[in-house]
1. If I go through the range 112-152 residue by residue, how many of them are small (Gly, Ala, Ser), over 19 Å from GLU52 (Cα atoms) and at pLDDT 95 or above?
2. LYS128 - would you say it is open to solvent by 40 Å² or more (accessible area, probe 1.4 Å), in contact with a strand residue (DSSP E or B) (Cβ under 9 Å, 6 or more places away or on another chain) and closer than 16 Å to TRP60 by Cβ?
3. Please enumerate the residues belonging to the range 79-96 that are surrounded by 12 or more Cβ atoms within 10 Å (Cβ to Cβ) and either touching an Asp or Glu at 6+ places or on another chain (Cβ under 7 Å) or basic (Lys, Arg) (or both).
4. Select from the range 140-163 the residues that are aromatic (Phe, Trp, Tyr) and open to solvent by less than 70 Å² (accessible area, probe 1.4 Å) and write down the one among them that is nearest to LEU105 (Cα to Cα).
5. Restricting to the range 140-178, and then to whatever is in contact (Cβ under 8 Å) with a residue 40 or more places away in the chain and among the aromatic types (Phe, Trp, Tyr), can you tell me which residue is nearest to TYR70 (Cα to Cα)?
6. Report, ordered by the first and then the second residue, all pairs with beta carbons closer than 8 Å, sequence separation of six or more or different chains, a first member in the range 97-112 that is over 16 Å from SER66 (Cβ atoms), and a second member that is part of a helix (DSSP H, G or I) and of a type in the set (S, T, N, Q).
7. Has the range 62-78 got any residue that is open to solvent by 80 Å² or more (accessible area, probe 1.4 Å), over 13 Å from the mean Cα position of the chain (by Cα) and hydrophobic (A, V, I, L, M, F, W, C)?
8. Just to verify a result, which residue in the range 29-61, among those that are touching a residue at least 60 places away in the same chain (Cβ under 8 Å) and within 13 Å of the chain's Cα centre (by Cα), is surrounded by the most Cβ atoms within 10 Å (Cβ to Cβ)?
Amino acid sequence: FDSMKNKITLKLILTNLDAIITAATLSICVVLVNANVIMRYFFNNPIRWAEEVVTSLFVWTVFIGSAYAYRKHSHLGVDILVNILPDKIRKVVKSIMSVVELLVLIMLTRISAEYVYHLIYSRSGKLKIVMTDLLRIPKWWTGIAVPIGFGLSVIYSIYFMVKGIRAYLKKKEGGNKA
């Protein structure tokens, strides 16, 4: 048993922050929803703020979790058509798809960042923070999860593209020496 393998470090936490946030927000959602069910049906006294908190946390779970799934290549995809293509054409199609995917992620990051901006500022640029109905928490605290999630996916997409290009160049370089 090697204690170094199980040591929690700052690097490990930062490397897996998307997974940690997703697990934490989902866990809190599950606890709050179950506590609210018990309070409502057994004690006839629901936790009034639970729905607002769970909704907010669920947004964080979905968008940060989506970035985590992207990082782990865990998103579902239908690649039947791509897989039947010859190897060289498949690689070209996958490269084009990666570029299109990156462009869509950049667009979604920008649009969601504008949405959050408008939760804080009016169209004229004046401060007007939109608040939640019950707890009066700024809605941007919830909304910011969307551009963060898409932004992380942009970063991961660029990382995977650079990694793929480097692997291709290394393979090509190795093939020229033989």
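1. Pass one, the range 112-152, residues small (Gly, Ala, Ser): 112-113, 122, 124-125, 143, 145, 149, 151.
Those left that are additionally over 19 Å from GLU52 (Cα atoms): 112-113, 122, 124-125, 149, 151.
Filter once more, keeping what is at pLDDT 95 or above: 112-113, 149, 151.
The number of residues fulfilling the criteria is 4.
2. On the way: open to solvent by 40 Å² or more (accessible area, probe 1.4 Å): yes; in contact with a strand residue (DSSP E or B) (Cβ under 9 Å, 6 or more places away or on another chain): yes; closer than 16 Å to TRP60 by Cβ: no.
Judged against the criteria, LYS128 is not a match.
3. Within the range 79-96, ARG90, LYS91, LYS94 qualify.
4. Filtering the range 140-163 down to residues aromatic (Phe, Trp, Tyr) leaves 140-141, 150, 156, 159-160.
Still in the list and also open to solvent by less than 70 Å² (accessible area, probe 1.4 Å): 150, 156, 160.
Details: PHE150: 6, TYR156: 10, PHE160: 14 Å.
In this case the residue turns out to be PHE150.
5. Let us first name the residues in the range 140-178 that are in contact (Cβ under 8 Å) with a residue 40 or more places away in the chain, namely 141-143, 145-146, 148-154, 156-158, 160-161, 164.
After this cut, where a residue has to be among the aromatic types (Phe, Trp, Tyr) as well, the list is 141, 150, 156, 160.
On the way: TRP141: 23, PHE150: 10, TYR156: 7, PHE160: 10 Å.
Among those that are in contact (Cβ under 8 Å) with a residue 40 or more places away in the chain and among the aromatic types (Phe, Trp, Tyr), it is TYR156.
6. If the second residue must be part of a helix (DSSP H, G or I) and of a type in the set (S, T, N, Q), the pairs left are SER98/SER157.
7. From the range 62-78, those open to solvent by 80 Å² or more (accessible area, probe 1.4 Å) are 72-73, 75-76, 78; that's our starting set.
From what is left, the residues that are over 13 Å from the mean Cα position of the chain (by Cα) are 76, 78.
If we keep only those that are hydrophobic (A, V, I, L, M, F, W, C) as well, we get 76, 78.
Yes, the conditions are met somewhere in the range 62-78.
8. TRP60
The values are calculated or read from the model by the stated rules, or taken from the named source; none is laboratory data. Everything numeric here is computed off the predicted structure, so don't read it as measured data. As a convention, Cβ positions derive from the backbone with ideal geometry for all residues, glycine included, and neighbour counts pool all protein chains shown. Side chains are part of the model used for accessible areas, which takes the heavy atoms of the whole protein and leaves out ligands, DNA and RNA. Shrake-Rupley method; radii C 1.70, N 1.55, O 1.52, S 1.80 Å.
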